[in-house]
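Following: one structure in structure tokens, then a few remarks.
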Amino acid sequence: MDCPDCGNERTRVIDTTSADGTSVRRRRECQRCSFRFTTYERPEWDSLQVKKRDGNIESFSREKLRAGIERAVEKRHVSEADVTTLVEAVESELGNRETRIVSSSLVGDLVSERLRELDQVAYIRFVSVYKAFSEPEEFLRELDAVLDAELDDDPPHPTDDTDNP
């Protein structure tokens, strides 16, 4: 732990107590300048973890999630508030799960679902990276699925023939 006063790496623990049952409070002293400070530590397994495709596990990063979404919505008519709402919704859904370790594919699926509703171009941008399309045909299949869904959602247009008996 670096000293917040002088930046020295060498500090020693003077006292350790349980802060609230979920974290540990430590009083530390810098061995160079004798500055005393308090740190609070909590187990990493209490926080949300993401299991990557390669099997590595890393802490969930709200900033990383937001950066991926912002790349997808770049130069689109999507407000900062919409991006914030999307990030909060995904983070909330992940936090409500029974497990503290979630797969990166689950995170991608949750973002994809919400982006598809928010902006279809941003959705295509996101899934092209998330699903790592390697062939143009994969990209076309996804684009066709979006276009087909859009056609299914459009209400039928009345024709002039329906007015005539």
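The values are calculated or read from the model by the stated rules, or taken from the named source; none is laboratory data. Because the structure is a prediction, the values reported are computed rather than measured. Glycine also receives a Cβ, built like all others from the backbone with ideal geometry; neighbour counts cover every protein chain displayed. The protein model used for the area step is the full one, side chains on, heavy atoms only, and it has no ligands, DNA or RNA in it. Shrake-Rupley method; radii C 1.70, N 1.55, O 1.52, S 1.80 Å.
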Ordering Thr11, Thr38 from largest to smallest accessible area (1.4 angstrom probe), what's the sequence? Thr38, Thr11
Spherically averaged projected area of region 48-97 from its Cα convex hull (nm²): 3.9 nm²
Note down the nm distance, to one decimal, between modelled labels 7 Å out along Cα→Cβ at Tyr40 and at Asn96. 2.6 nm
Summarise the accessible area of region 1-98 (1.4 Å probe, protein heavy atoms) by the percent that is carbon and sulfur. 43 percent
For region 1-124, the Rg and Dmax computed from alpha carbons only, in angstrom: 20.0, 58
Can you find, among Asn56, Ser34, Ala72, the residue farthest towards the positive end of the dipole of region 19-112? Put +1 on the C-beta of Lys and Arg, -1 on that of Asp and Glu. Ser34
